[in-house]
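The values are calculated or read from the model by the stated rules, or taken from the named source; none is laboratory data. Keep in mind it's a predicted model, so treat the numbers as computed, not measured. Neighbour counts are summed over all protein chains in view; Cβ atoms, including those assigned to glycine, are modelled from backbone coordinates with ideal geometry.
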Amino acid sequence: MLINQANIQSLFAGYKTSFQKAFDGTVSTYDQIAMISPSQNSEENYVWLSEFARFREWLGDRVIRNLSAQNYVVKNRKFEDTVSVSRDKVEDDNYGIFAPIFSEMGRAARQHPDELVYALLATGFAALCYDGQNFFDIDHPVIDANGNEQSVSNMQAGATDPWYLIDSSRMIRPIIWQQRTPYEFQSLDQGSDQNVFLRDEFLYGVRARANAGFGLWQLAFGSKDTLDTTNYEAARQAMMALKGDHGKPLGIKPTHLVVPNSLEGAARRLLVNQVKDAGASNEWAGSAELIVTPYL
């Protein structure tokens, strides 16, 4: 290939097309459990209200709730992926061999939010959320109907690979995906660029600024106990029985079961099979959508 401005632009366009097609064609699932939150700063301070919205009959003047708030800051992180293409390869018309690399970069960029979101979920037994407790904990503070603080749990203890129930039916979700700058394909391929002058190579890369953070712990339940019908039912009942401050039922209903690869079989027997091993009907079939991810 003759190295001129038009051909360099064509080369960049071709590589960007390979990147974008793979990006658009790759399946990711983070947005099934995470709230997408645009960011305009280096960090965002999420002020979570202490209780879900609730209605009362309007008798007399309005009753103004003095909502307490908690601060939870999610700082954006910067990410990159960069490769070099030899100018000699381009001149010798061997540039086509690099197209799969840019397709792989597109796939990796599309799944990168999955990596961050599910990795964060996996830390929930030892990482703090907005109320100062671990995201999955046995003693989240909640005010009961009598005005007394009580401890509420959103976890099961155990010694197996963890699994998670999620209610993602609301605008606010248990995980935040905070995006400051979307994944952008960039290049340094001009003759005046330092890398071209000194090393005779073109550079192509992807840049993004984003991060994952914890949202409302009430909308997630983590278990380290065996994934079976008994524990699954107990986890669902615990979530659906949750009340907010002052005894207000939260109306939570799990929508997703998230498991690592190691629990795919148990999860499918629980949610997909229409009958149990003994031939009886499976009452939990279809009770939640299944997400199997390698990033837990």
Legend entry - Of all residues making up the range 243-284, the number that are within 22 Å of ALA122 (Cα to Cα) and either of a type outside the set (Asp, Glu) or in contact with a helix residue (DSSP H, G or I) (Cβ under 7 Å, 6 or more places away or on another chain) (or both): 18
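Take GLN133 and decide whether it is modelled with pLDDT of 90 or more and buried (at least 17 other Cβ atoms within 10 Å of the Cβ).
Taking the combined requirement at face value, the residue satisfies it.
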Legend entry - Filtered residues of the range 96-121 (kept if without any contact (Cβ under 8 Å) to a residue 24 or more places away in the chain and of a type in the set (A, V, I, L, M)): ILE97, ILE101
Legend entry - Per-region count, the range 211-226, residues part of a loop (DSSP other than H, G, I, E, B) and buried (at least 22 other Cβ atoms within 10 Å of the Cβ): 2
Legend entry - Condition broken by TYR204, with the remaining ones in (1) at pLDDT 95 or above; (2) touching a strand residue (DSSP E or B) at 6+ places or on another chain (Cβ under 7 Å); (3) more than 23 Å from ALA126 (Cβ to Cβ); (4) outside any helix (DSSP H, G or I) satisfied: (1)
Legend entry - Among residues of the range 249-290, those that are in contact (Cβ under 8 Å) with a residue 60 or more places away in the chain and either in a helix (DSSP H, G or I) or buried (at least 17 other Cβ atoms within 10 Å of the Cβ) (or both), counted: 13
Inset, instruction - Can you give me the number of residues within the range 165-185 that are within 23 Å of ARG77 (Cβ to Cβ) and part of a strand (DSSP E or B)? - result: 11
Legend entry - Close pairs (6 angstrom Cβ cut-off, 6 or more residues apart or separate chains): under 25 Å from ILE3 (Cα atoms) in the range 178-192, of a type in the set (S, T, N, Q) and at pLDDT below 95 anywhere: LEU188/ASN195
Legend entry - Residue match in the range 150-160 (condition: in a loop (DSSP other than H, G, I, E, B), in contact with a Pro (Cβ under 8 Å, 6 or more places away or on another chain) and either of a type in the set (D, E, K, R) or at pLDDT below 95 (or both)): no
Inset, instruction - Filter the range 1-34 down to residues that are of a type in the set (Ser, Thr, Tyr) and in contact (Cβ under 8 Å) with a residue 12 or more places away in the chain and give me whichever is nearest to ASP92 (Cα to Cα). - result: TYR15
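Could you run through the range 75-89 and say how many residues are more than 30 Å from ILE176 (Cβ to Cβ) and touching a strand residue (DSSP E or B) at 6+ places or on another chain (Cβ under 7 Å)?
So the count comes out to 5.
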Legend entry - Qualifying positions in the range 169-210 - surrounded by 21 or more Cβ atoms within 10 Å (Cβ to Cβ) and under 22 Å from TYR118 (Cβ atoms): ARG173, PRO174, ILE175, ILE176, TRP177, GLN178, TYR183, VAL206, ALA210
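Considering only the range 80-135, state which residues are among the β-branched types (Val, Ile, Thr) and outside any helix (DSSP H, G or I).
THR82, VAL83, VAL85, THR123
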